[in-house]
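Single-structure report; data block below.
Laboratory data are not the source of any read-out in this text; all were calculated from the coordinates shown. All figures in this text were calculated on a predicted structure; none of them were measured in a lab. Cβ placement follows ideal geometry from the backbone for every residue including glycine, while neighbour counts extend to all protein chains displayed.
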Amino acid sequence: MTPKTIGLISDTHGLLRPEAVDALLGSELIVHAGDVGDPGILDELSRIAPVTVVRGNIDTESWASDWPLSAHVDAGAVSIYVIHDVAQLDIDPVAAGYQVVVSGHSHQPGWSERRGVLFVNPGSAGPRRFKLPISVGMLHIAGASVTPRLLTLQPAG
């Protein structure tokens, strides 16, 4: 089955908020763009949907040693490249045939289009950093069309 709804999460830093889990319900695939902080988070997310993960700069323990620094996700006609820190992007996504690049690291949610490639950062779903929002993202895919959505979470307490 080709996923049509892909949940995006990043920078959990060992904290998987129930609001993030709720926001990702209905995902057919979840992409964690690194800085997981606790492998149990992937176990929890995999109860919702299969998970693709990349290693972030804090994922230095032995449990993360097999995680790749980048990953490729096929969603039908859409190819997605996943990397934790977009500043370390070492490919030309256009030349490589990617339509989407998903990253984390900055904790700043946002998306932009560059040279026909959609760049999406779901922001941080873990501990609040500075005054940045707590957020996750979604990609809705219909054929070759991708619609991103960013969801700001309102944590309890």
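Figures for the structure shown
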| quantity | calculated |
| --- | --- |
| GNM flexibility winner over the chain from S124, S103, S145 (Cα, springs under 10 Å) | S145 |
| Among R129, R17, R55, residue whose mean-square fluctuation peaks in a GNM of the chain (springs only between Cα atoms under 10 Å) | R129 |
| Student exercise, the chain dipole from Lys, Arg, Asp, Glu Cβ charges, in Debye to nearest 20 | 520 |
| Sequence-separation-based contact order of the chain, relative, with Cα cut under 8 Å and 6+ spacing, percent | 25 |
| Computed over region 1-70, Cα set: Rg, Dmax in Å | 11.5, 33 |
| Size of the chain as Cα extents on the principal axes (Å, biggest first) | 42, 32, 30 |
